[in-house]
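Heads up, the thing below is written out as structure tokens.
The values are calculated or read from the model by the stated rules, or taken from the named source; none is laboratory data. All values derive from a computational prediction rather than experimental measurement. Every residue, glycine among them, receives a Cβ derived from its backbone with ideal geometry; neighbour counts consider all protein chains shown. Areas reflect the complete protein model, heavy atoms only, side chains present, ligands, DNA and RNA absent. Shrake-Rupley method; radii C 1.70, N 1.55, O 1.52, S 1.80 Å.
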Amino acid sequence: MQTDSVRFALNADFAFDYTNNDGDKVNQIDAALTTQLKSKDLKKIYFFIGSYNLIDSKNENLQNTWFLHGRFNYKLTKILRLEAFLQAQYNQLLVVEQRNLVGLGLRVKWVEKDNFKGYVGNSYMYEMEHSDTVNTTYYNHRNSTYLTLSYFPKSNKFSVANTLYYQPLYKDLSDYRILEQFRLDIPLAKWFRVFAIYNYYYDSNTPLKTEEFTSNLNFGAGISIQ
């Protein structure tokens, strides 16, 4: 999310890979879209993220996921913002295949330098988690705390951003999730860039009463419009 004077921004990423090993074919698709729109007074931000990931072989899907997130951000003071959001996600291979949630909270800008920014946020979330594996549906009240750090050197040859989430249940703090994303962007033109993204997800208590984690590293190319 950009909080400068740019009113409209759009980033689109796409990567495709096709492999044929002696007749064993694997197709991989990674696509993501991020866009935001600010009001004229720059106090309101409407933000949207969507992504889709598929790894498909002849016999089965090795990965099939999608993710949608919409967020409204309202500036209360120079460093404090109100946030409200909706989210839906699906992952065929996780124990929790589908998760929908709604949340409300605050976001604080705790540091702002010419080339470095840091934000911390805390929100209440009400979520629905459904598992086809054990045929269960849970409705949870969960806290979400996140820390975001971004670095943009004056040379504009690259930028890095790291976001870490910690999301425990209010009634049981031993039931929590950790989400981590590190992103490196290297612009090759004003509108075109290559990137690397590392994602990590950990769930301390699945519907099977087990721990679960996933991680992935993506390389691709994307466009930026401002």
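Brief remarks on what is shown
- Across segment 138-156, the qualifying residues are those that are at pLDDT below 95 and open to solvent by 60 Å² or more (accessible area, probe 1.4 Å), and the one among them that is nearest to the chain's Cα centre (by Cα) is Phe152.
- Within segment 28-55, being acidic (Asp, Glu) and in contact (Cβ under 8 Å) with a residue 24 or more places away in the chain holds for one residue alone: Asp30.
- Number of residues in segment 9-27 that are without any contact (Cβ under 8 Å) to a residue 24 or more places away in the chain and part of a strand (DSSP E or B): the value is 6.
- Taken over segment 109-128, residues that are open to solvent by 50 Å² or more (accessible area, probe 1.4 Å) and closer than 12 Å to Leu149 by Cα amount to 5.
- Residue within segment 178-200 that is under 21 Å from Gly121 (Cα atoms), in contact with a His (Cβ under 8 Å, 6 or more places away or on another chain) and either of a type outside the set (A, V, I, L, M) or assigned to a loop (DSSP other than H, G, I, E, B) (or both) present: no
- Residues in segment 72-88 that are open to solvent by 40 Å² or more (accessible area, probe 1.4 Å) and part of a strand (DSSP E or B): Phe72, Tyr74, Lys75, Leu80, Leu82, Leu86.
- Selection count, segment 129-141, where residues are within 18 Å of Glu97 (Cβ to Cβ) and part of a strand (DSSP E or B): 8
- Within segment 201-226, restricting attention to residues that are part of a strand (DSSP E or B) and among the β-branched types (Val, Ile, Thr), the residue that is surrounded by the fewest Cβ atoms within 10 Å (Cβ to Cβ) is Ile225.
- Conditions (1) within 23 Å of Ile29 (Cα to Cα); (2) surrounded by fewer than 17 Cβ atoms within 10 Å (Cβ to Cβ): number failed by Asn91: (2)
- Search result, residues across segment 28-68 that are loosely packed, with under 14 Cβ neighbours inside 10 Å, polar (S, T, N, Q) and either touching a helix residue (DSSP H, G or I) at 6+ places or on another chain (Cβ under 6 Å) or in a strand (DSSP E or B) (or both): Ser57, Asn61
- Residue match in segment 149-169 (condition: aliphatic (A, V, I, L, M), in contact (Cβ under 8 Å) with a residue 12 or more places away in the chain, in a loop (DSSP other than H, G, I, E, B) and over 21 Å from Thr34 (Cα atoms)): no
- Comparison of Gln98, Gln89 shows that the only residue that is closer than 21 Å to Gln36 by Cα and of a type outside the set (Lys, Arg) is Gln89.
- Leu101 meets each of the listed conditions (1) closer than 20 Å to Tyr201 by Cβ; (2) aliphatic (A, V, I, L, M); (3) not in a strand (DSSP E or B) apart from (3).
- Here Asn140, Asn218 are screened, and the one residue that is under 18 Å from Thr34 (Cβ atoms) and of a type in the set (S, T, N, Q) is Asn218.
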